[in-house]
Amino acid sequence: MKQGWRWYGDADAITLKEIRQAGVTDVVAALYERKPGEVWPVAEIKARQKKVKDAGMTWSVVESVPIHEDIKKHTGDYLKYVENYKKTLRNLAKCGIKTVCYNFMPVLDWTRSNLEYALPDGSTCLEYNEYELAGFDLFYLKRPGAEKEYDKKTIARAKKTWDKLDKKERKRVADAVLCGLPGTVDDLTPEEFLAQLKTYEGIDDRKLRENMYWFLNEISPVLDETGVNMCIHPDDPPHPIFGLPRILSNAKDIAEMYKRCPSKHVGLTLCTGSLGGDPANDAVEIMKKFGKRVFFCHFRNLEYTDDKVFHESQCHLCGQTNIPKLFEEFLKEEKRRGEKIVVRPDHGRLMEIDDELAKLKGKKCYCGYSYGGRLIGLAELRGLEIGLKYAKKGL
Ligand code: DNO
């Protein structure tokens, strides 16, 4: 694997020097200051690239070039935004950056209910509790029509869960959804969120899929011409939320996308944590079946504490997904291709060392993007790779 690490630019509490000392060769970054739909100018890409290069690493993966909501909805100025997207892809290719991660989740990016779930050792991680989310939807947001989308059992459990939360805890859930996570384009008030959800009325699962396939086929000639690989990030959680369709959640969705978008440059970011949000997903099988078009990987793991309630694991290798088995498949694919693939340790626990660093620097790291937790995650992955190669010379 190529050892990757997500860097949030100058705003990031973690410096490039610290990243390099973690063993990283490949930085995953974006022009965060550019809004969805804008063209990324070559000069700005080059400036960011130079910073990474001067620190002894390569900026090889973009995460993300966000897709404008008009493209997802196929309305408004979508044609202009698609042309802009193509220009950005060409500009990135001119600079030699040929791996682009993105997602096609409407309105929200990844979603959690608790950003500070405490583990027994006092470190914290991110948690997803379906019942807290449903409680927020039904009793706080009071989204019109929401009660029709949950079954009776879920509503009863969501009510029980929500009734138990005090005011502060309810706000914790609301903030986590509306403004807590990196990737979220804009922080939203409940009113703004409801208004955005309304703009998706009439866009059902099938329509959103067709819009995505249209977009990918529209940019495919540029991908074929430049060699840029587009790798979609799976939905997180991998099922519809707040009445919004989610269309890249499992093997069936990936198969349909591959079939409908035949360019070999239309591929996948294999994110084990996102896929693990549905226990029916088997990431090892997904790697086996779709590996040829996996261009980038996020490795992490989940632990379930209840039905539909999970948090990120203490160890990147242990939990819901069999990462060692998956890594074997990953190494086979690298061997087949004759090329290494960038992997980044996705998310990490917030540890004592991170609190100390934040005090020293006066800068907090982004949720999930701590130094301590990811340092351990990357070291575990590195150890696994060396161990597997040592044990199986054939890999
Ligand atoms: C969360 C990330 C996502 C991801 C985007 C890609 O940690 O994996 O925010 O970057 O969905 O577009």
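The values are calculated or read from the model by the stated rules, or taken from the named source; none is laboratory data. As the structure is a prediction and not an experimental result, all values here were calculated from the model. FYI the Cβ positions are ideal-geometry reconstructions off the backbone, even for glycines, and counts take in every protein chain you see. Heavy atoms of the whole protein, side chains included, go into the accessibility calculation; ligands, DNA and RNA do not. Shrake-Rupley method; radii C 1.70, N 1.55, O 1.52, S 1.80 Å.
The residues of the range 260-276 that are open to solvent by less than 10 Å² (accessible area, probe 1.4 Å) and part of a loop (DSSP other than H, G, I, E, B), listed by number, are CYS261, GLY276.
Exactly one residue out of ARG374, ARG349 is within 15 Å of the ligand (Cβ to nearest atom) and touching a Ser or Thr at 6+ places or on another chain (Cβ under 8 Å), and it is ARG349.
Here the helices (runs of 4 or more DSSP H) wholly within the range 39-96 that include at least 3 residues being in the same structural domain as ILE247 (by TED's automatic domain parsing), open to solvent by less than 50 Å² (accessible area, probe 1.4 Å) and of a type in the set (Val, Ile, Thr) are 42-54. Of the residues making up the range 99-106, at least one is open to solvent by less than 10 Å² (accessible area, probe 1.4 Å), of a type in the set (Val, Ile, Thr), in contact with a strand residue (DSSP E or B) (Cβ under 6 Å, 6 or more places away or on another chain) and modelled with pLDDT of 95 or more. Return yes or no: is LEU138 open to solvent by less than 20 Å² (accessible area, probe 1.4 Å) and closer than 22 Å to PHE310 by Cβ? In short, no.
VAL343 fulfils the conditions (1) more than 26 Å from ALA391 (Cβ to Cβ); (2) touching a Gly at 6+ places or on another chain (Cβ under 7 Å) except for a single criterion, (1).
As for the range 4-19, it holds no residue that is of a type outside the set (Phe, Trp, Tyr) and farther than 28 Å from LEU375 by Cα. If you go through the range 220-256, how many residues are assigned to a helix (DSSP H, G or I) and either in contact with a helix residue (DSSP H, G or I) (Cβ under 6 Å, 6 or more places away or on another chain) or buried (at least 22 other Cβ atoms within 10 Å of the Cβ) (or both)? Counting residues in the range 220-256 that are assigned to a helix (DSSP H, G or I) and either in contact with a helix residue (DSSP H, G or I) (Cβ under 6 Å, 6 or more places away or on another chain) or buried (at least 22 other Cβ atoms within 10 Å of the Cβ) (or both) gives 5. Restricting the search to the range 146-178, which residues are over 22 Å from LEU115 (Cβ atoms) and open to solvent by less than 70 Å² (accessible area, probe 1.4 Å)? Correct list: ALA146, TYR150, THR154, ILE155, ALA156.
Among the residues examined, PRO36 qualifies as touching a Pro at 6+ places or on another chain (Cβ under 8 Å) and either closer than 20 Å to ASN84 by Cβ or not hydrophobic (A, V, I, L, M, F, W, C) (or both).
Just one of (1) open to solvent by less than 40 Å² (accessible area, probe 1.4 Å); (2) in contact with a Pro (Cβ under 6 Å, 6 or more places away or on another chain) fails for ASP205. It is (1). Among residues of the range 1-27 that are within 21 Å of ILE353 (Cα to Cα), those with a beta-carbon under 6 Å from a residue that is open to solvent by 20 Å² or more (accessible area, probe 1.4 Å) and modelled with pLDDT of 95 or more at least six positions away or on a different chain give the pairs ILE14/TYR371; LEU16/ALA55; ARG20/ALA55; ARG20/GLY56; ALA22/LEU375; GLY23/GLN3; VAL24/GLN3. Considering only the range 232-251, I want to know if a residue exists there that is within 15 Å of the ligand (Cβ to nearest atom) and more than 30 Å from PRO144 (Cα to Cα). For the range 232-251, residues within 15 Å of the ligand (Cβ to nearest atom) and more than 30 Å from PRO144 (Cα to Cα): present.
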